[in-house]
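The values are calculated or read from the model by the stated rules, or taken from the named source; none is laboratory data. No experiment lies behind these values; they were computed from the predicted model shown. Don't worry about glycine lacking a Cβ; one is built from the backbone with ideal geometry, like all the others, and counts go over all protein chains shown. Only protein heavy atoms, including side chains, enter the accessible area calculation; ligands, DNA and RNA are left aside. Shrake-Rupley method; radii C 1.70, N 1.55, O 1.52, S 1.80 Å.
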Amino acid sequence: MVLEATMIAIDNSEYMRNGDYLTTRFDAQLTATEFIFQSKTSSNPENTVGLLAYGGSGPQVLSTLTNDFGKLLSGVHDVKISGGNHFSSGIQVAALALKHRQNKVQQQRIVVFVGSPIQESEKELEKLAKKMKKNNVAIDIINFGEESINTTKLEKFNNTINNHDNSHLVTVPPGPRLLYEVIASSPILVENGEVGGGDYGDFGVGGFGGAGGDGFMDANMDPDLALALRLSLEEEKARQDREAAEKAKQDGSTTIPSNELEKIDEGKEDEANNDSSNNNDVNME
């Protein structure tokens, strides 16, 4: 497995309050951040992950490189949603944190969430990409929320920094799938860019463990993560089935089935026949 030091840069600008991703853009980032951390540290126990936020008044390092998720979690508690997007300065601070990694053998990688409009021009981004490429820093970008504004800029940025397919851009529009589910089966986490088959949009996402459509992640990537994701999906499916059954039961309690209507009609006919026969008996007497 690749030995890496990874800095995750989250967007904590005001745009993160939007609820177009469950439950908000900010919460979707945090769930995906935990997933990425677990994936990186599980693939190689010597991998380390750090965290910074680049919204507000400027970049803020929340956790230096570590393999203890508790340190990242404690750092997240201090984050406040405010300000705007400081993409370039966030990338540079993340690169500086990677430069001071203890294990110099580790490859350098930044995973950055972009959920608000980027202020930098394409020329400024190109200059930044060349600088990061020169310093051997790979950058994975998760483009969500404002993809109609940012995609063109980020595509050019990715084309500039990409060196032998070591950097990736994943664009995630709002939809039924959770943010971390898309990331789980994207080239960001699936080694060598090998993702399963299946019709899941532009990401080439395959079925769970090759079982077409039962999940969102290749089980060969990390068995523990795959099992956890499968159990989560099964629980969600069971919950939806229960809700559907309860709704059907409620609808059934207020609606008389057609076969019961037939029984009622038959009962009325029997009552009418009995009344008629009784009247005939009375007349004969």
- Query: Out of curiosity, is residue 113 in a helix (DSSP H, G or I), surrounded by 15 or more Cβ atoms within 10 Å (Cβ to Cβ) and among the aromatic types (Phe, Trp, Tyr)?
  - Reply: no
- Can you find even one residue in the stretch 66-86 that is closer than 23 Å to residue 107 by Cβ, at pLDDT 95 or above and either assigned to a strand (DSSP E or B) or of a type in the set (Asp, Glu) (or both)? yes
- Query: Of the residues that make up the stretch 17-25, is at least one buried (at least 23 other Cβ atoms within 10 Å of the Cβ) and assigned to a helix (DSSP H, G or I)?
  - Reply: yes
- Task: Tell me, please, whether a residue that is surrounded by 15 or more Cβ atoms within 10 Å (Cβ to Cβ) and either over 27 Å from residue 4 (Cα atoms) or in contact with a Pro (Cβ under 9 Å, 6 or more places away or on another chain) (or both) can be found in the stretch 28-39.
- Result: no
- Task: Quickly run through the stretch 142-167 and pick out the residues that are open to solvent by 10 Å² or more (accessible area, probe 1.4 Å), out of contact with any Ser or Thr (no Cβ under 7 Å at 6 or more places or on another chain) and either closer than 22 Å to residue 38 by Cβ or of a type in the set (Ser, Thr, Tyr) (or both).
- Result: 148, 152, 160, 166
- Kindly indicate whether any position in the stretch 102-110 is open to solvent by less than 40 Å² (accessible area, probe 1.4 Å), more than 29 Å from residue 177 (Cα to Cα) and not in a strand (DSSP E or B). yes
- Which residue pairs have Cβ atoms closer than 6 Å, lie 6 or more positions apart in sequence or on different chains, and pair a first residue in the stretch 159-176 that is over 18 Å from residue 114 (Cα atoms) with a second residue that is open to solvent by less than 60 Å² (accessible area, probe 1.4 Å) and among the aliphatic types (A, V, I, L, M)? 166/138
- Within the stretch 69-101, restricting to residues that are under 25 Å from residue 42 (Cα atoms) and small (Gly, Ala, Ser), the one that is most open to solvent (accessible area, probe 1.4 Å) is 74
